[in-house]
Amino acid sequence: MASTDTTPAQDAGSVEAGLDALETTATGRAPFRKTFVDKILPPVTAIAVVLVAWYVLYPIVDNPSKLPSPGAVAGTLKDSWLSGTLLDYIWTSVSRGLLGFCFALLIGTPLGLLVARVKFVRAAIGPILSGLQSLPSVAWVPPAVIWLGLNNSMMYAVILLGAVPSIANGLVSGVDQVPPLFLRAGRTMGATGLKGTWHITLPAALPGYVAGMKQGWAFSWRSLMAAEIIASFPDLGVGLGQLLENARTASDMAMVFEAILLILFVGIAIDLLVFSPLERWVLRSRGLLVRN
């Protein structure tokens, strides 16, 4: 009768092999069919449902001044493209939004670290940051216009006031969730001060920081649209918010829908191209996102 006994070395080898198998993830490219079903088909289906609902509602409303037809909106987009103004609208707003967001990162990151690590600063500034985060971005437009005038500095000020609290609070949340064992281990190995912040605190707080950045961009974009809608001036150029306001003034609903669709398109594109890959990378680097 064959023996079923195993030695401790064999048991250890089996355990290591099992752990290696658990840690091993598929690195090959996913089949196109799976990619199509999981990532392409759902948004295409959602867009198709919206278009069908639009086509159904248009004859029911039967008032182009309230609900334009999809064809009229498509025609307006085509005219803007052929005239060369479509990309100008998008670039004017996107360049402002991204530059303002970068400034917000430069201010919000050290501010978040300061609030997270210094108790007195947290007690003094923490509630103010939370209150500023809940304040509607549009509220900052009138004082920014009075302080800075109708120029790009006013736009960037509104973006900063809308985005910095979200970025700082996201980083504070991430730092609060860092296990104390990581910090003690870092100090034991000599990672103190700025070195500990760079090599221990920031990497460990990355999930919360990325969430704060994503929310900060959303606030940046919304703040910019509010500023462009309210504070219109010829020297500022025509961004998407100004396009929306011009369409409202002209009672051109096709142009109103054009501006709304472009604003929505930019928001979705930035999320898909920047923040979604960044979030997946953070989750995958921590073993929280495994390919099937």
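Nothing in this text is a laboratory measurement; each read-out follows from the coordinates by a stated rule. Keep in mind it's a predicted model, so treat the numbers as computed, not measured. Heads up, the Cβs are rebuilt from the backbone with ideal geometry, glycines too, and the neighbour counts pull from every protein chain shown.
Regarding residue 168, is this residue in a helix (DSSP H, G or I), farther than 21 Å from residue 220 by Cβ, out of contact with any His (no Cβ under 6 Å at 6 or more places or on another chain) and of a type in the set (Gly, Ala, Ser)? No; evaluated as a whole, the condition is false for this residue. May I ask you to verify whether residue 146 is of a type in the set (Val, Ile, Thr), in contact with a Gly (Cβ under 6 Å, 6 or more places away or on another chain) and assigned to a helix (DSSP H, G or I)? Answer is no for this residue.
Close Cβ contacts (under 6 Å, 6 or more residues apart or on different chains) running from residues in region 37-54 that are without any contact (Cβ under 8 Å) to a residue 60 or more places away in the chain to residues that are surrounded by 11 or more Cβ atoms within 10 Å (Cβ to Cβ) and assigned to a helix (DSSP H, G or I) comprise 54/70.
Among the residues examined, residue 284 does not qualify as part of a helix (DSSP H, G or I), under 30 Å from residue 72 (Cβ atoms) and not β-branched (Val, Ile, Thr). Cβ-Cβ distances below 7 Å connect the following pairs, each with a first residue in region 169-180 that is without any contact (Cβ under 8 Å) to a residue 60 or more places away in the chain and among the hydrophobic types (A, V, I, L, M, F, W, C), a second residue that is in a helix (DSSP H, G or I) and buried (at least 19 other Cβ atoms within 10 Å of the Cβ), and a separation of six or more residues or different chains: 178/201; 178/204.
No other residue among 278, 273, 224 is surrounded by fewer than 16 Cβ atoms within 10 Å (Cβ to Cβ), within 30 Å of residue 172 (Cβ to Cβ) and touching a helix residue (DSSP H, G or I) at 6+ places or on another chain (Cβ under 7 Å) apart from 278.
Taking the conditions exactly as written (in a helix (DSSP H, G or I), of a type outside the set (A, V, I, L, M, F, W, C) and surrounded by fewer than 20 Cβ atoms within 10 Å (Cβ to Cβ)), does residue 241 satisfy them or not? No: the conditions fail for residue 241. Of the residues screened, residue 212 is not one that is assigned to a helix (DSSP H, G or I), crowded, with 20+ Cβ neighbours inside 10 Å, free of Cβ contacts under 8 Å to residues at least 60 places away in the same chain and in contact with a Leu (Cβ under 7 Å, 6 or more places away or on another chain). The one condition from (1) under 16 Å from residue 114 (Cα atoms); (2) touching a Gly at 6+ places or on another chain (Cβ under 9 Å) that residue 207 does not meet is (1). Selection over region 52-74 of residues that are over 17 Å from residue 256 (Cα atoms) and hydroxyl-bearing (Ser, Thr, Tyr) gives a count of 1.
Would you check if there is a residue in region 226-238 being assigned to a helix (DSSP H, G or I) and closer than 21 Å to residue 50 by Cβ? No, that holds for no residue.
If you go through region 46-97 and keep only what is of a type outside the set (D, E, K, R) and outside any helix (DSSP H, G or I), you end up with 63, 64, 65, 67, 68, 69, 84, 85.
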